[in-house]
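The values are calculated or read from the model by the stated rules, or taken from the named source; none is laboratory data. Because the structure is predicted, anything quoted here is derived from the model rather than measured. Cβ atoms come from the backbone with ideal geometry, glycine included; neighbour counts cover every protein chain shown.
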Amino acid sequence: MKTLAGFIAVLLCLAAPASGKDQPAWRGHANDPQHTARAPAVGQSLTRIHWSLSVDHAPPLAPHQPPGGGSLLIHYASPMITAANTVLVPVKTTTNGNFEIDAVSGTNGKSIWKMKTNYVLPTADWIPPLPAHLTAQNRLYVAGIGGTVLFRDSPDSKTGQTGQYVFYGMSTYKQNKKIYDADVIIDTPITADAKGDIFFGYVVLANNPAGLMSGIARIDANGNGNYVAAQVAADNPEMTQVAMNCAPAISADGSTVYIAVSNGQNGYLLALDATTLTTKGKVALIDPETNESAMISDDSSAAPTIGPDGNVYYGVLESNGEHDCRGWLLAFSGDLSKENTPGSFGWDDTVSIVPTSAVGQKAGKGSYYVMSKYNDYNTCGGSGNNEIAILNPNATQKDEYSNVSVMKEVETKLDPHSSPNGGVYEWCVNTAVVDVKDSAIVVNDEAGDAYRWDLTSNSLQPSGGLPLNSPIFEAYTSTLIGPDGTDYAINNATLYAMGN
């Protein structure tokens, strides 16, 4: 017989999606299941910092050249924001991890509640983010230990219903908890579809009683799970993992999940049935210049983006460093049967979708452009001219760095700050928020400044940037906009809320 609490939990699981006005303003990595990174409101001008919050109480600084005395080689997870402007911030509390979610007011940054997780990080060169996601039904999911997922409802309240799901079954988990806690780890951000079903990749480190192998998991809104091993989904026994940090993307009709798998170096982009996880399509990820297998790095935080026409974009590294370590933005039809023109940067970037109307005077073929980081690393043979770019996936030009025909550059913007290592500082944004109504994109850089990139004038505002912190070499992070137009960026292990 179910307890009253259990019965209430079931009712909550079966609850209908929140109405449009109550749906989250920002759900997680690149906001929506297609990873378009579209803003929920017009962003404010970058005049001042409203408040800030540490997202890492023990930042892992690595030895590097000055300035800053170190490199911050960690991918911080995107915050999530409710319609009522509660900001849910993934926070790392110790050197070894020990993550929590800090819920704060988007108005002033004051604490509302905190939720700890026993999540254990996978082994990685660059520290990966805490997997977390806020569904359309306003349920917060956070990765736990052993491949489990914790949830909390009512994120705007100081208390809310909580629980735990296991994609391979709660009874299986409890029978050999120590084994699964040690050997099963969620290693990608979590993505939810419109129904509240969640998807993620996981890694398995050793043999276990359930015979789990690294793969892709789905848990529906009622806690029922299913999964498929990466080698089974790719029909290739060499595929040993889902690409680290590769947030699954879900087609607009909810029928298909896109995710990359690898052998630790090379691999495939897969299209899976969103209910059964059976494979609908796959494509080998190939360097368009050498026609050799592209590299899939665990240091990357690239994830697929789905365009309004169903085309899919995913970033990889080149096969042998011949492209200044820029990698490539590979592009495919929705069924992955056709490869389209690549973009000239992609290794650690989830591109954003920009309607052509936001760049009106330069509108070309197609209904949308893609926005990409466009760095050219002087530490890898490049010029050090680090840019951001608007690209037309339906037009081509010769690549400046190779003999490949690539997506046409519509607009580019060089970072305005000279770097002591030569060239200019890197833009350090991965998945940049697109303010469609104001034709702008929020970006941040390693010089420690934030900007709104005005697409109509191709200018940075304010011209000198909004200063956030001293320069520091760091991995890439997300920018986002809240329901009140507050702009957000993470620099130097700190979340900054910025605006008028």
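Scanning for something closer than 30 Å to SER293 by Cβ and either out of contact with any Gly (no Cβ under 8 Å at 6 or more places or on another chain) or without any contact (Cβ under 8 Å) to a residue 12 or more places away in the chain (or both), does the range 360-368 turn up at least one residue?
yes
Which condition from (1) under 24 Å from SER319 (Cα atoms); (2) touching a residue at least 60 places away in the same chain (Cβ under 8 Å) is the one that LYS398 breaks?
Only one criterion in (1) under 24 Å from SER319 (Cα atoms); (2) touching a residue at least 60 places away in the same chain (Cβ under 8 Å) is unmet by LYS398, namely (2).
Residues in the range 109-143 that are among the hydrophobic types (A, V, I, L, M, F, W, C) and more than 21 Å from ASP22 (Cα to Cα): how many?
8
How many residues does the range 397-422 contain that are surrounded by 15 or more Cβ atoms within 10 Å (Cβ to Cβ) and under 18 Å from GLU289 (Cα atoms)?
Summing the residues that are surrounded by 15 or more Cβ atoms within 10 Å (Cβ to Cβ) and under 18 Å from GLU289 (Cα atoms) in the range 397-422 gives 7.
Within the range 154-171, count every residue that is farther than 14 Å from TYR202 by Cβ and either of a type in the set (Ser, Thr, Tyr) or surrounded by 19 or more Cβ atoms within 10 Å (Cβ to Cβ) (or both).
Qualifying residue count, the range 154-171: 6.
Inside the range 466-485, can you point out the residues that are at pLDDT below 95 and in contact with a Ser or Thr (Cβ under 9 Å, 6 or more places away or on another chain)?
Across the range 466-485, the qualifying residues are ASN469, PRO471, ILE472, PHE473, GLU474, ALA475, TYR476, THR477.
Which residues, counting only those in the range 449-468, are over 24 Å from ILE81 (Cα atoms) and not in a strand (DSSP E or B)?
LEU455, THR456, SER457, ASN458
Does ILE186 fit the bill of being farther than 24 Å from GLY254 by Cβ and among the aliphatic types (A, V, I, L, M)?
no
Which of the strands (runs of 3 or more DSSP E) found entirely inside the range 57-150 contain at least 1 residues meeting this: of a type in the set (Lys, Arg), without any contact (Cβ under 8 Å) to a residue 60 or more places away in the chain and more than 16 Å from ALA30 (Cα to Cα)?
Output list reads 86-94, 111-116.
Yes/no matrix, rows are residues, columns are (1) buried (at least 16 other Cβ atoms within 10 Å of the Cβ); (2) at pLDDT below 90; (3) within 24 Å of TRP113 (Cβ to Cβ); (4) not β-branched (Val, Ile, Thr):
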| position | (1), (2), (3), (4) |
| --- | --- |
| GLY43 | yes, no, no, yes |
| LEU46 | yes, no, no, yes |
| VAL55 | yes, no, yes, no |
| ALA58 | no, no, yes, yes |
| PRO67 | yes, yes, no, yes |
| PRO79 | yes, no, yes, yes |
| THR86 | yes, no, yes, no |
| VAL91 | yes, no, yes, no |
| THR95 | no, yes, no, no |
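If you scan the range 325-346, which residues turn out to be assigned to a loop (DSSP other than H, G, I, E, B), surrounded by fewer than 20 Cβ atoms within 10 Å (Cβ to Cβ) and charged (D, E, K, R)?
ASP335, LYS338
From the list SER300, SER293, pick out the single residue that is closer than 20 Å to ILE127 by Cβ and not charged (D, E, K, R).
Result of the check over SER300, SER293: SER300.
Mind checking which residues of the range 299-319 are buried (at least 20 other Cβ atoms within 10 Å of the Cβ) and closer than 20 Å to THR191 by Cα?
SER300, SER301, ALA302, ALA303, PRO304, THR305, ILE306, GLY307, VAL312, TYR313, TYR314, GLY315
What single numbered condition from (1) surrounded by fewer than 21 Cβ atoms within 10 Å (Cβ to Cβ); (2) touching a helix residue (DSSP H, G or I) at 6+ places or on another chain (Cβ under 9 Å) fails to hold for GLU292?
(2)
Going by what's in this entry, would GLU322 be described as buried (at least 19 other Cβ atoms within 10 Å of the Cβ) and among the acidic types (Asp, Glu)?
When the stated conditions are applied, GLU322 does not pass them.
Could you look through the range 178-200, keep only residues that are among the charged types (D, E, K, R) and surrounded by fewer than 24 Cβ atoms within 10 Å (Cβ to Cβ), and pick out the one that is nearest to TYR227 (Cα to Cα)?
Ranking the candidates gives ASP197 first.
List every residue pair whose Cβ atoms sit under 8 Å apart, with the two residues 6 or more apart in sequence or on different chains, where the first one lies in the range 237-250 and is at positive phi and the second, anywhere, is small (Gly, Ala, Ser) and part of a loop (DSSP other than H, G, I, E, B).
Cβ pairs passing all conditions: ASN245/SER300; ASN245/SER301; ASN245/ALA302; ASN245/ALA303.
Filter the range 224-233 for residues that are in contact (Cβ under 8 Å) with a residue 40 or more places away in the chain and under 19 Å from ASP181 (Cα atoms); which is surrounded by the most Cβ atoms within 10 Å (Cβ to Cβ)?
Ranking the candidates gives TYR227 first.
Would the range 163-186 turn up any residue that is in contact with a strand residue (DSSP E or B) (Cβ under 9 Å, 6 or more places away or on another chain), acidic (Asp, Glu) and assigned to a loop (DSSP other than H, G, I, E, B)?
no
Filter the range 12-31 down to the residues that are over 13 Å from SER478 (Cβ atoms), surrounded by 15 or more Cβ atoms within 10 Å (Cβ to Cβ) and at pLDDT 70 or above and list them by number.
GLN23, PRO24, ALA25
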